[in-house]
Structure formats: C-alpha cells, structure tokens
Amino acid sequence: MFGKLKEYCVEGAKVYFTYEGSREAGARPCVEVVSESIFNVFIDYAGTGHCTRAIEGELGERLNAGTGGDIAKLESVSQEEAGVIIRTKELTGVVSDGFHVDFYDREGNLLSAAYRGKRKSGAGVSEAALALLAEEGHEISGAADEHKIQELRCLDAGDCIYGLGDKTGFLNKRHYEYEMWNTDNPDPQEDNFKALYKSIPFMMVLREKGAYGIFFDNHNRTFFDLGKENNDYYMFGAEEGNLDYYFIGGKSLKDVVSGYTYLTGRAPMQQMWTLGYHQSRWGYDSEEEIRGIARKMREHGLPCDCIHFDIDYMDHFKVFTWNKERYTDGAKVIADFKEMGIKAVTIIDPGVKLEKDYYVYEEGVKEGYFAKTPEGEIYVNQVWPGDAVYPDFGNPQVRKWWGEKQKFLIDMGVSGVWNDMNEPASFRGPLPDDVVFTDEDKKSTHGQVHNIYGHNMAKATYEGWKKQTNKRPFVITRACYSGSQKYTTAWTGDNHSIWAHIRMAIPQLCNLGMSGMNFVGTDVGGFGSDSTPELFARWMQIGCFSPLFRNHCALGCRMQEPWQFGGEVLAISQKYISLRYELLPYLYDLMRETEQTGIPMMRPLVLEYDRDENVKNRNDEFMLGDRMLIAPVVEQGARERMVYLPEGIWYDYWTGEKVEGGSFLVRKAPLDLCPIYVKAGAVIPKYPVRMCVGEDKDDILILEAYPGEGTYVHYQDNGEDFGYREGAYNEYRLVNRDGKVDVEKIHEGYRDYGKIEIKTAGIKDAEMR
Ligand code: GLC
C-alpha cells in the first residue's frame, strides 16, 4: 500500500508520484492526461508499461511507447492541502496520500472519489456454513477475495452502473459482480452469471450530477464487484498485469460513450446489405434443404439478404474446406443465391483439425503458427473436428496467414465471416493457463491472452477481407475484447427460446452498444430449446430493430424459419421484416452517426434522457436513434403493456395519435403489434419495401415527417466500399417545419436519388379536433 505522498514530478503529460513505503520499488504510480476529459491512472506492477490491445492506431502506439498523453491539454499541476491537483479544462484529478485519486468536473462537482476504507463483505457466512452448503453442491462466493491489483471507488446511493459488454441480467449493473474471462457456457444464462463470451472491462456510472466511465484496460482475467459486497463502493481488480485504468469524465452518458470510443475506436460503417434480414440454422443438412430455404423466403414474400452456413458446410469441420458430399458445388449454390439477391455468410472456428495432409494444419505446423505447451509441443484440445490445434493469433504473422486463408471463402463467393468458438472454446477442459501464445512481439501465456484471442482473430479476419475485397468486411464474432468494434460485429451467443432471454435481449444489446459494440444482435427466436409461435413473433419484433437481425437456432431444436409457426406468425414476420427494409436508410444514417460519435444505433432510454429517473432501470423499452422509441412485448400472453414516454411530444407510429411524454400509458399490443413512438418533429427516412438491399426500386427515398420541428442529416453512399472516406457520399440537411421538409444537399459525392417523396405522418392537432 502506498503511504504518505512524498513528492511528484511532471514528465510531459504524466505526473509521477513517490510515496512513503511504496509496496513495490519501481512501480511509480502515475496519472497521465490523455485528453481534456480522460485521465489514465497507472501503476506498472508488471514492469511492462502500457500494453494496450484495445487502444490502437496512433494513440495506442504512443501509449505503448510510453508517450501517450496530450501535454497541450494539461493546464496545471500544483500541490495544495488536498493533494496534487492536475487540471485540464474539463477535468480535475486530486491525488493524495495512499495514491487515492478523486475526480471533479469543470464546475468543481465531485465526479468520483477513491474509497479510503478496507474491503468489507456484507455476506458474513461462516466457514462451517460454507462447508455445509458445499456438501449439497451450492456455490457460495463467501468472503471477498482481495486481488493483487485492486481499486475501490465510492458509490453514492443514487448511482447507477451501465456498460460491461454482454453481461446477463438487467440494464443497471449495480449490486452485481462480474468476471472478465471469455466463457463458453451453454447453460441457459441467468442474471447471476459472472462471465459470458466477451470481455469489455468498461463501466459507466450515472450520478445525480454528471457521469463518468472507467475503462480498466487489463486483458488478464479481471473482476468487478459493483456494490454487491458493500453498498458504499465498487471494486475492480486483477491478479496479473497492471493497474491501468482510464477515467472518462462527462456531463452525460453520451459524453462517456463518446470518450470510451475515442480511446478504443468507433464501429465503422458496414455494407448496407448487412442491415437486411439474415436467416440461419445449425444446420441445414443438405444442398437441397438450404436451396429450399432461399426459395421459400422468396415464395413467402419475405425480404432476406443473407443465409448463414453453419459448421456442416465444411468437410469434417475443417476450416477453409467445403463439404463435397453435402454440396455438389458449393460455389454454384452461392452464385445462385446471389442471383436471388441473397448473400452467404460462413462460420469459421479457430480450432484447426489435427490431421496429417490437411493443408491448413500442415502449413501451421510448418510455420510454427499454433499454440504450444510449455515443453514446446503443439497444444491439442478438442472442438467440433475432434482433436484440434489453436492458431496463435497474437502473432502478427499468424494473423496475416489467417487473413490470407480467407481467400478460400472469397473465391467461393462468400460475403462475410462468422467467427465462432473463439473464447477459445475447448471440449476437453479449459486450456491451461500456461499454454504458450504470443502477444505481439513477445511470448505470452494463455492466461494472459485468453481475453484477446477473439479480438485478434477478428482483426486477422477483417484485415484479410479488407485487403482482398476492398469492401467493408463483414465479420461477426462471439468472443471479443474492448476495441473489437473496429473489426467486427457480434452476436450474443447461445441464448435459449425462453421468455427470460427475450427479456434479457434488450438490456444486453443496449449495454453492448454503450460498450462500443454497436452492430449486435441476439439469435432471434432463441438458439437452444424450442420456440413457441408467440415467443417467436415477439422476438421478430425486437430483431426488427436490432442492428444485426438474424434468426438462428440449434441442432435438434424445432425448425424456426418464419413459416414454421403457421399463418399468423408468418404474417407477423412479413410485417416486421418489411418494416425493417423500409427503415434501411434510417438505420444506415444511425450507423454513420456511430462511426462519427460512437453513440450506438440501439440505445437504452437512459442514454438519451439520462436525467429522467423513470428510465434509469427501464429494461423493456429502447430507442432506435434519437427519434424512435420501441416498447416490445416480452411477457407471455400479454396483449397490452405499460409504456413510459420521456418528456416531449410523441406520435404513435401505428395510429398517428399524439401523446404527451413524461408519463406512463397503457398501449394495446395484440400479437401483431409492437408499440412504437416517434418524437415530434422527426423525419424518418425510408425506402419502399424490397426483397433485398440491392434491389432497384427506382431509387426512391421517402421522408416521413411528423408534426413539430427538427433538423437532421441524411447520409447516402454506395453501401459497399471505402470510397466514402474519400468523399464519395451525399449528405442532405432535412429541416422539418411541421411536416414540411426542406431538403438541402450539404455534401455532394455520390449519385442523386431518382426521387425524394415527402410524406406527412402523425395526426396534427387540427385534424384531431
Ligand atoms: C456454437 C455457436 C452456435 C453455432 C454452433 C455450431 O454453439 O454459438 O451459434 O450454431 O456452435 O456451429
């Protein structure tokens, strides 16, 4: 522990501190100014300096080289009674005895104080009681574990906590504990699960005044106790690595999300077709069956842009091969799908089958590209293909090789890759911590790189596709780390067709979005277990508004395509998939906004209205952008639901009725209706319904204008490549004056729409009287 503060010294944007009784010689605690509103707090316990894999590009390089901060932003450093005061225009850090750091906003409001007491668990369960419980198989965490690296920070009574990636449970994470250790656990996920597939050690605290974020950039196993053991503080810690966290100050949650994505990167524009409907199943048994799926999508008038090929397309689950027994000609199937406007996405797992003469295995062995045991043998575990070996994605050479391997899929005509099992999963027990991997330029261990394995696989895939296709690579991943949003979209893994999981879908996707992962979705209808017609219909109504809209389910479960549940559910599916296709230009605008600001497309109400008490724990509504509020039904049998509308005037999307916000209402919600409300003054850009994104519909843009006033920007480009980064796009300013919209082109770089139609929506006061 650090004692009394002895002295400090300023080196560039860093302030180093010396304490009486520093517990580790050489571990000089440091606070570094990264930007006007972001400070880094660092203790080099491991003696490695920063080793961030989440913050990349120029800032990442500077941080890793030890010259990361921004001297220009550091206004002053001075010693006063309270401690050493570090100031920028927006943020003040006060560093005192014990290396306690408190943060204040520009107005001098306390944003976050270090907790000065010792950890004290409220559980108070005796050893004898624990032993008794263990006999019956109960797992009780008991007394709190002290971590070698640990930070405690105060919580106030009203503080709410958000973020942390894909954790289960509710929007507000306060009072729960979590672990960051990418985990493939196929059991139905419950609120008390500590770890899932992704590790995003970023949390946000919403306070009575202001908000802030903590990004604990340590990719070893990390632990978060968010006021579970004690209501007065939260804790984050680790056994290895450094104390290396970023404090991100803000007035609002949006400021914090934008600060976090400034550090770790913003999810880039995807190709427009990826916003279409995706049909998937593990697995379609034969060429005939999968062709039938594409045909039936069209026969039933269901728009669809993509069919996913699960592991069965491979020859004995060997990556970068095609199963010639199931498919006479895989490339022909894909080409025929393309004719129908349907693209193919194929699954790729990291586990490479251990098989003599299998080219991927042989190449990897020859080049030394697989993880090894400490004794230097290639490490073997088991996944779908049986005995399998693990590419060492932390090695830049391996990433390059893996990127080049994508050529096999690209040549087949595949349009995107779905990276699975990349925690990495293993069927013969977990990989031991000491399996030898690489972490960029140095040897490392599984324990140290486990949490970035999926991240590095995604990076390899993204870079391979970018280089070879020049299009925006479409990658989906199950496992990832902070910053993976630069390379990949994600889905939430193996949920179940149960009502608890449709309820969980909303907060889970919203927290992922606020944790940088914008383009996310759940398996619509549920993966494991059998969906009911009602559950499926309601899940389509959430999928319709999720960035990734993919219906997927597991081997052995009932068929789950939209026509499998009878006429009523088919009609509901047609209605919501069609609505999705109408909303494409709106969704595309939102994706553009995410790339520019980091603010996700799908948002919890609290991200838009963070001063409204009624939305801090609102788990069953969300916003699509800033203009549309979606209130899906997530209760079995419910045919009406309570809806909360934040301040302002709203219009019921289905009836046009005007509703005053800041209040609760009860909305009828028969099975075919998902309540939707649109903000007064909104303009919603729409397309006519089409069967797939590329289908030419006379290039019409429809602007649906609601009564009231508002100004928006609409974005348009070719939906495919990176030309927009060189200016190949159009931007239009839309000014809505009570249903009359002025359209002004503010950036010209792409072809014009054939026609822009303006439609008034919502019922005006006069019409209602
Ligand atoms: C994993 C994936 C699932 C996939 C299955 C077979 O369980 O999470 O989506 O269908 O493996 O590849």
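The values are calculated or read from the model by the stated rules, or taken from the named source; none is laboratory data. A quick note: this is a predicted structure, and the numbers were derived from the prediction, not measured. Cβ: placed from backbone, ideal geometry, glycine included. Neighbour counts: every protein chain shown. Quick note on the areas: whole protein, heavy atoms, side chains included, nothing else; ligands and nucleic acids left out. Shrake-Rupley method; radii C 1.70, N 1.55, O 1.52, S 1.80 Å.
By DSSP, the beta bridges lying fully in region 365-504 are antiparallel in about 70 percent of cases. Calculated on C-alpha atoms, the gyration radius of region 333-481 divided by its Kirkwood radius gives an Rg/Rh of 0.98.
For the chain, a crude dipole built from +1 on the beta carbon of Lys and Arg and -1 on the beta carbon of Asp and Glu, taken about the Cα centre, is about 1200 debye to the nearest 20. For Ala638 and Thr48, the FRET efficiency from 1/(1 + (r/R0)^6), where r spans their Cβ atoms and R0 equals 51 Å, is about 0.45.
For the cross-link pairs Lys198/Lys471; Lys338/Lys366; Lys405/Lys442; Lys251/Lys668; Lys467/Lys575, the ones whose C-alpha atoms lie over 31 Å apart are Lys338/Lys366; Lys251/Lys668; Lys467/Lys575. So, in Å, what gap is there between the alpha-carbon centers of region 603-653 and region 673-734? Their Cα centres are 22 Å away from one another. Considering only alpha-carbon pairs that sit under 8 angstrom and 6 or more positions apart, the relative contact order computed for the chain is 10 percent.
Rounded to the nearest percent, how much of the accessible area of the chain (1.4 Å probe, protein heavy atoms only) is carbon and sulfur? Carbon with sulfur: 48 percent of the solvent-accessible area.
Both radii were evaluated on the Cα set of region 169-236; the Rg over Rh quotient, with Rh as the Kirkwood radius, amounts to 0.97. For each pair in Lys148/Lys372; Lys254/Lys740; Lys616/Lys686; Lys372/Lys400; Lys658/Lys740, compute the distance between the two Cα atoms and list the pairs where it is over 24 Å. Check vs 24 Å cut-off fails for Lys148/Lys372; Lys254/Lys740; Lys616/Lys686. Just to be sure I follow: if Rg is taken over the C-alpha atoms of region 61-201 and Rh is the Kirkwood radius over the same atoms, what is Rg/Rh? So for region 61-201, dividing Rg by the Kirkwood Rh gives 1.05.
The distance from the alpha carbon centre of region 480-552 to that of region 210-265 is 24 Å, rounded to a whole number.
For region 310-373, applying the loop criterion from DSSP together with a ceiling of 11 other beta carbons within 10 Å to the trypsin sites (Lys or Arg not before Pro) yields Lys324, Lys356.
Under 18 Å of direct C-alpha separation, and excluding same-chain neighbours fewer than eight residues apart, Lys356 reaches these aspartates and glutamates: Asp315, Glu367, Glu377, Asp387. Where a ≥ b ≥ c are the square roots of the eigenvalues of the C-alpha gyration tensor, would you call region 159-276 rounded, which needs a/c under 1.5, or, failing that, prolate if a/b is larger than b/c, or oblate? The shape class here is rounded. For the pair region 411-457 / region 146-201, the C-alpha centres are spaced 22 Å from each other. Annotation: amide H of Glu704 within the under-5 Å range of Ile684, Lys686, Lys759, sequence separation 5 or more or interchain, hydrogens built in the peptide plane. Placing unit charges on the Cβ atoms of the charged side chains and taking the dipole of the chain about its Cα centre, the candidate lying farthest along the positive direction among Tyr284, Gly368, Ile577 is Ile577. Applying the criteria of a DSSP loop state and at most 12 other Cβ atoms within 10 Å to the chymotrypsin sites (Phe, Trp or Tyr not before Pro) of region 305-339 yields no site. Considering only Trp650, Ile293, Cys160, and ranking their Cα positions along the charge dipole of the chain that arises from unit charges at the beta-carbon of Lys, Arg, Asp and Glu, the one farthest toward the positive end is Trp650.
Overall, the anisotropy analysis places region 27-77 in the oblate class: the square-rooted eigenvalues a ≥ b ≥ c of its C-alpha gyration tensor yield a/c not less than 1.5, with a/b not exceeding b/c.
For Gly250, the residues whose amide H sits under 5 Å from its own are Ala211, ignoring neighbours fewer than 5 places away on the same chain, with H placed 1.01 Å from N.
Working note: Karplus 6.51/-1.76/1.60 with θ = phi - 60° gives region 103-116 the couplings 10, 10, 7, 4, 7, x, 6, 6, 8, 7, 10, 5, 8, 9 Hz, where Gly and Pro are set to x.
Pick out, from Leu110, Gly83, Asn64, the residue whose Cα sits farthest towards the positive end of the charge dipole of region 33-113, with +1 on the Cβ of Lys and Arg and -1 on the Cβ of Asp and Glu. Going by the Cα projections, it comes out as Asn64. Within region 394-504, the proportion of C-alpha pairs whose separation exceeds 16 Å stands at 63%. In a simple Cβ point-charge model (Lys, Arg +1; Asp, Glu -1; nothing else charged), region 554-601 has a dipole of about 180 debye relative to its Cα centre.
The residues of the chain expose on average 36 square angstrom of accessible surface per residue, using a 1.4 Å probe on protein heavy atoms. Around the amide H of Phe309, modelled in the peptide plane, lie the amide H atoms of Val345, Thr346, Ile347, all under 5 Å away and 5 or more residues distant in sequence or on another chain.
Sequence-ordered 3J(HN,Hα) estimates for region 65-77 from the Karplus curve with 6.51, -1.76 and 1.60 and θ = phi - 60° stand at 7, x, 10, x, x, 10, 4, 4, 8, 6, 7, 7, 10 Hz, glycine and proline given as x. In order along region 750-756, the phi-based Karplus estimate (6.51 cos²θ - 1.76 cosθ + 1.60, θ = phi - 60°) of 3J(HN,Hα) comes to 8, 5, 6, 5, x, 7, 10 Hz; Gly and Pro are listed as x. Projected onto planes of every orientation and averaged, the convex hull of the alpha-carbon atoms in region 544-651 covers 9.0 nm². Rg then Dmax, both in Å and based on the Cα atoms of the chain: 26.2, 83. Compared with the rule-of-thumb size 2.2 N^0.38 Å for a compact globular protein, region 455-534 has a Cα radius of gyration ratio of 1.25.
Once you sort the root eigenvalues of the Cα gyration tensor of region 644-686 as a ≥ b ≥ c, which label holds: rounded (a/c under 1.5), prolate (a/b larger than b/c) or oblate (the other case)? Oblate, since a/c reaches 1.5 and b/c is not below a/b. Of the beta bridges in the chain, as assigned by DSSP with both residues counted there, near 80 percent are antiparallel.
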